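K.L.:
The structure under discussion is supplied below as structure tokens; questions concerning it will follow.
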Amino acid sequence: MDIDLFTTWHALPRLLQGAAVTLEVSVAAMALGLLLATAFTILRESGNGAVRVCLRLYIGYIRGTPLLVQILLVYYGLPQLGLGIGPLAAAILALGSSSAAYSTEIIRGGLAAIPAGQIEAALALGLGRVIIWSHIILPQAYRLALAPLVNEFTQVIKGTALVSVISVIELMRVAQEIYNDNFRPLEVLIGVAGIYFAMNFILLRLAGFIERRQRSKS
């Protein structure tokens, strides 16, 4: 087998430029996902039955359809509704809305670990729901869910490989451009795999560190 790793080395500068875009899209999508997940969590805990049904349908849709289909629906569907957005915005919106469904479930797990007595005590003191959510519930839920949320971030990073189909110039798209020029896909993809692995390895180590810290404190 003829594998020329010098090709991988020469492709690295351009691949790293694509990786920078991958990280930008991932961070923006994860931030959007957390924002939506927080809103969804509060709405679900409001006790409104219709809202809960809508959220269950939304989460079911995200879990039951491929991420690629979700990306294409956002990219091609929104312009049909008169909402013209570019590929980068479509990628962030699709990945963020997908991550929101999983992050909502993660935050709900964090909520379940909060003693109910804390909320009852806050209500007995006459604190408003906004204060209770912003100062008591959400800070603890985020802390308890931090490690799983880091793991979710790794899924978002891997999901960015799919947005190359809508012409976002991220890591995978740059790799395609390179091996279309040099006809050495294997060597280029070795570099791509190494970069994805490095990014996610760091995040997974961070998640493991957070879990150990939480176990030691508990």
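The values are calculated or read from the model by the stated rules, or taken from the named source; none is laboratory data. Computed from a predicted structure; not experimentally measured. Cβ coordinates were reconstructed from backbone atoms using ideal geometry, including for glycine residues, and neighbour counts include every protein chain displayed.
K.L.:
If residue 64 satisfies every condition in (1) at pLDDT 95 or above; (2) in contact with a Leu (Cβ under 8 Å, 6 or more places away or on another chain); (3) not aliphatic (A, V, I, L, M) but one, which is the exception?
P.N.:
Only one criterion in (1) at pLDDT 95 or above; (2) in contact with a Leu (Cβ under 8 Å, 6 or more places away or on another chain); (3) not aliphatic (A, V, I, L, M) is unmet by residue 64, namely (2).
K.L.:
From the list 122, 50, 31, 112, which residue is surrounded by 12 or more Cβ atoms within 10 Å (Cβ to Cβ) and without any contact (Cβ under 8 Å) to a residue 24 or more places away in the chain?
P.N.:
The match here is 122.
K.L.:
Test of understanding: among 189, 144, 138, 127, which residue is more than 27 Å from residue 31 (Cβ to Cβ), at pLDDT below 95 and of a type outside the set (Val, Ile, Thr)?
P.N.:
127
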